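See below for the structure under consideration.
Since every read-out is calculated from the coordinates, none of them should be taken as a lab result. The model shown is predicted, which means the values in this text are computed figures rather than measured ones. A quick note on method: Cβ atoms are made from the backbone with ideal geometry, for glycine too, and the neighbour counts reach across all protein chains shown.
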Amino acid sequence: MRSFLAAVAVLATLGITAAAQAEPGYSTANVNMRTGPDIDFPSIGVIPEGEPIYIEGCLRDESWCDVRWGPDRGWVYSEYLAFDYRGNMVAVPDIGLAAFRIPYVTFSARDYWGRYYVGRPWYAERNRWYGYKVRPRPGWRAPPPGQRRAGWWRDGYNAPRGMKAPPQRWNRPPNHRNHDHYRGPDRRDSRGPDRRDDRRGNDHRGGDHRGGGDRGHDRGHEHRR
């Protein structure tokens, strides 16, 4: 009986934690979701501004986050993701991951693609991406230690090419659809053009390459720190 009650208590605790992590964040701009944390990875589609998303983890430097958007899973710039924090919408880097119970993760293309992209059109190109070296993202720096000053990352910040900088204050559009199952146009599935609206500068390969190492797994592609 005692062991049964103990098990119930553990499950209840896990349920509370899961509920806390289940709160959605939102995209603060129309932003690409990519199949890896580098803009050279294929785009799954553009997440419209105001869409609910769920953040599964972010790289150690918080430059990219692994998110769920409707039925899809992929990588998005962290500064274009926001949560309702004490009544205000705040960008993820302003507060940090711990406040939202978001883990740090690493990325392994082989494991990530094997989990989420089998059968998708771009999966046929997987060998190219298995050997691809994810690069640090120019113009982004890791968050400072200790308590953060809101907007610390805005000093010297340059928005990705074709995008506006994230707004200082952002509120979700009032007439936006109120669900998290919308799936935007998947241009890779339709073989349509990839607008690359998250590129920066004059680097023809795409100038915004912040990413993390390709080191080890936990839960497959992730390593909690």
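In loop segments of the range 70-126 as defined by DSSP, the trypsin sites (Lys or Arg not before Pro) with at most 13 further C-beta atoms inside 10 Å of their C-beta are ARG86, ARG101. The string of couplings for the range 70-75 from the Karplus curve (6.51, -1.76, 1.60, θ = phi - 60°) is x, x, 9, 9, x, 10 Hz, one whole number per residue in order, with x for Gly and Pro. Note on TYR130 and ASN171: the model spin-label points, each 7 Å out from Cα along the C-beta direction, lie 5.1 nm apart.
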